[in-house]
Amino acid sequence: MQALAAITVAFGAASPQAVQAQPQGAWPDKPIKLVVPYPAGGNADNTARLLATQLSERLGQQVVVDNRPGGSGTIGAAAVAKAQPDGYTLLLDATAFTVNPSLFAKLPYDTAKDFAPISLVMQAPLLMVVPAASPFKAVADVVQAAKAKPGLLTYASAGNGGAQHLAGELFKQGAHVSMTHIPYRGGAPALTDLIGGQVDLMFSATTASGPFVRSGKLRALAVTSAQRAPGWEQVPTVAESGLPGFQVNEWNGLFAPAGTPQPILQRLETETRSVVASPEMKKRFAELGVQGVGSSAQEFKAFVQSETAQWARVIRTGGIRMD
């Protein structure tokens, strides 16, 4: 997943004075581990640290972020799936959670059975960007060129199987064109080559590519959200540019192991939604260029099912595999 710039949490870690003692036997009565299956400094990690600080104050116990990267997010997710369902181990996962079931032949867990969705925390749309010197001024120009010379146009991504790669694949399938995918080891080198004109286009999170668009090094042709994105109202959506129904968002959401007691899940849902709706989080999300959501557990469950089904179709049609 495209990493956001590393941030310093303005709220600060919850101080001992802010963490109030809980009644004996009440949940939570000890620190809570929030597993992030991606490296520190990325999108999910930043979201988790913002969320952990606020939840620590609301729950009266420290919520500690535990980064467990590797395996496209599967290592950390597997650890949570196997954890005791007692409310003391949680998962902050991302788009890969709904991609991996179709991308890998076998996973060490069942995403539909081993996790209890709590809340969709945030979403971040992607920008369809081209170099400033590109002849493409609109999505239609890309489609026309790709149809004229199948396979000649190239699109970059931060790596195989990520949201950027799959956004490009979804675009190819929706527009009925052939383009060549160029995977990089991370979003930064991909953007560097895009700016230099070594590749033709890229789907990149607004948080990563946005500054280059604003500085004039890249041109934004479209945004991948269902509606025009806040701060990018001048950029049309891919859907309104000729691909109806096209929608891709990178996202972060909170899960617990399946079997976690319902009262604990309800408390976590309520507190998470309150945190996302708070002025502090709204301000920080706006600074990061992402959209806070704070959905109900049922809404998040339906979202996960929808995303899983969409990426299954895209991956199956594109013949994409990781192993």
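The values are calculated or read from the model by the stated rules, or taken from the named source; none is laboratory data. Remember, predicted model here, so these are calculated numbers, not experimental data. Cβ placement follows ideal geometry from the backbone for every residue including glycine, while neighbour counts extend to all protein chains displayed. Ligands, DNA and RNA are excluded from the accessible area calculation, which covers all protein heavy atoms including side chains. Shrake-Rupley method; radii C 1.70, N 1.55, O 1.52, S 1.80 Å.
Before moving on, here are some points about what is shown:
- Here F303 qualifies as modelled with pLDDT of 95 or more and not small (G, A, S).
- Scanning segment 236-268 for residues that are surrounded by 23 or more Cβ atoms within 10 Å (Cβ to Cβ) and assigned to a helix (DSSP H, G or I) yields a single hit, L268.
- With respect to (1) over 25 Å from V293 (Cα atoms); (2) touching a residue at least 60 places away in the same chain (Cβ under 8 Å); (3) open to solvent by less than 50 Å² (accessible area, probe 1.4 Å); (4) not in a helix (DSSP H, G or I), the lone exception for V177 is condition (2).
- Here P263 clears all of (1) at pLDDT below 95; (2) out of contact with any Lys or Arg (no Cβ under 8 Å at 6 or more places or on another chain) except the condition numbered (1).
- Test: residue in segment 283-290 that is at pLDDT 95 or above, of a type in the set (F, W, Y) and more than 16 Å from P101 (Cβ to Cβ): no
- Residue satisfying all of: in segment 225-234; surrounded by fewer than 16 Cβ atoms within 10 Å (Cβ to Cβ) and free of Cβ contacts under 8 Å to residues at least 40 places away in the same chain; nearest to the chain's Cα centre (by Cα) among these: Q227
- Residue ID - nearest to A146 (Cα to Cα), chosen from residues in segment 157-214 that are in contact with a strand residue (DSSP E or B) (Cβ under 7 Å, 6 or more places away or on another chain) and hydroxyl-bearing (S, T, Y): T180
- Whichever residue in segment 205-224 is small (G, A, S) and modelled with pLDDT of 95 or more and, among such residues, is surrounded by the most Cβ atoms within 10 Å (Cβ to Cβ): A222
- For segment 303-313, the criterion of being touching a strand residue (DSSP E or B) at 6+ places or on another chain (Cβ under 6 Å), open to solvent by less than 50 Å² (accessible area, probe 1.4 Å) and farther than 23 Å from K82 by Cβ is met by at least one residue.
- Restricting attention to segment 15-41, the residues being open to solvent by less than 10 Å² (accessible area, probe 1.4 Å) and modelled with pLDDT under 95 number 1.
- Qualifying positions in segment 273-299 - within 19 Å of L55 (Cα to Cα), open to solvent by less than 40 Å² (accessible area, probe 1.4 Å) and part of a helix (DSSP H, G or I): V275, V276, M281, R284, F285, A297
- In segment 311-323, the residues that are assigned to a helix (DSSP H, G or I) and in contact (Cβ under 8 Å) with a residue 60 or more places away in the chain: W311, A312, V314, I315, R316, T317, G318
- For segment 129-160, residues that are surrounded by fewer than 23 Cβ atoms within 10 Å (Cβ to Cβ), touching a residue at least 40 places away in the same chain (Cβ under 8 Å) and within 16 Å of the chain's Cα centre (by Cα) total 1.
- Within the set G186, G168, the sole residue that is open to solvent by less than 30 Å² (accessible area, probe 1.4 Å) and at pLDDT below 95 turns out to be G186.
- Of the helices (runs of 4 or more DSSP H) that lie entirely inside segment 69-162, those containing 1 or more residues that are closer than 18 Å to P183 by Cα span 96-103.
- Scanning segment 129-151 for residues that are farther than 22 Å from T192 by Cβ and not β-branched (V, I, T) yields K137, A138, A140, D141, Q144, A145, A146, K147, A148, K149, P150, G151.
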